[in-house]
Amino acid sequence: MKYVIGLFISVVGFILASKHLNQSLSEYWDFVAFFVVILGTFAVMLITFPAVSATYLLRRFAQKFFFPSVSAKKHAEVCLSYVTERKVQKSQSIELKLLNDGMELLSLGFSKEKIIELLSQRFEVYTTKINSLSAWFKRGSKYPPAFGLAGTVLGLIHLMRGISTGIDTKETGIRMAIALVATFYGLLISNLVLNPLGEWLQEEIKRDQMKAEMSINSVILMLENASHIEAQESLNSYLSGSEKLKINFQELMAQEVA
């Protein structure tokens, strides 16, 4: 969602700048420039695609982009329900998969050390794959400006040939402007699409890491049969002051009576 909002703000800024310069958006369109940059970038990114399952990466990317992950506080509440109620939830998010896998390992009688090792290993495999996707986007951000320059060169060749045939000053200016549009496309795609996507995925991994640690810790709390208060205070250590889970004393008393 943050990426979409940022992209929207940048588009609004571009439109306002165009209006201030008394220019229409159609003046920034050029068929040759657009397809030189787009198809060239797509071809190189296809060649450099990470050596992992494309289906996995695209599914994970779609999940993160279209279905934003829950907040740390919300996940702490889910973890608490797992510890106190053994309440299982179905989800494709890595933090809930770790909780579900952890409960399965508990039922199979694995030791505390082995559970931590296996769940940490699974999260490491996940982060390696997502980091490869992030690195792919960031590597790809260097190609659009290069193809934009190639498009500009094509435009300049077209311009010079026109000058040699005696085109007037107005036509010279138009062809020069069209030549520069390719560089403009390359800069936009690189700095507004590919590089921000790579950085955004890296930030998502950092958030996933904290929630994964909460999940693994919750599995250990289940193994140790921790009480409601013990589990809550353990999970609160991952949260800031305003996010900390509050103790519901009435609910605790009702549980003790039951």
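The values are calculated or read from the model by the stated rules, or taken from the named source; none is laboratory data. Being a predicted model, the structure only gives us computed values, none of them experimental. Virtual Cβ from ideal backbone geometry, glycine too; neighbours counted across all protein chains shown.
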Output the helices (runs of 4 or more DSSP H) that fall wholly within the range 87-164 and possess 3 or more residues being under 30 Å from R207 (Cα atoms) and among the aromatic types (F, W, Y), or say none. 112-140
Please enumerate the residues belonging to the range 202-232 that are out of contact with any Leu (no Cβ under 8 Å at 6 or more places or on another chain), of a type in the set (V, I, T) and at pLDDT below 90. I205
Restricting the range 224-247 to residues that are surrounded by 17 or more Cβ atoms within 10 Å (Cβ to Cβ) and touching a residue at least 40 places away in the same chain (Cβ under 8 Å), the one farthest from E124 (Cα to Cα) turns out to be H228
Go through S111, S91 for me and flag whichever is surrounded by fewer than 17 Cβ atoms within 10 Å (Cβ to Cβ), free of Cβ contacts under 8 Å to residues at least 24 places away in the same chain and within 16 Å of I220 (Cβ to Cβ). S111
Test of understanding: among E117, E199, E171, E104, which residue is of a type in the set (D, E) and within 21 Å of V32 (Cβ to Cβ)? E171
Within the set of pairs 6+ apart or on separate chains, which have a first residue in the range 1-27 that is of a type in the set (F, W, Y), a second that is outside any loop (DSSP other than H, G, I, E, B), and C-beta atoms under 6 Å apart? Y3/W200
Would you point out the residue of the range 12-45, among those that are of a type in the set (A, V, I, L, M) and over 21 Å from R139 (Cα atoms), that is modelled with the lowest pLDDT? L25
Just name the residue that is surrounded by the fewest Cβ atoms within 10 Å (Cβ to Cβ) out of those in the range 27-55 that are over 14 Å from A135 (Cα atoms) and of a type in the set (G, A, S). A54
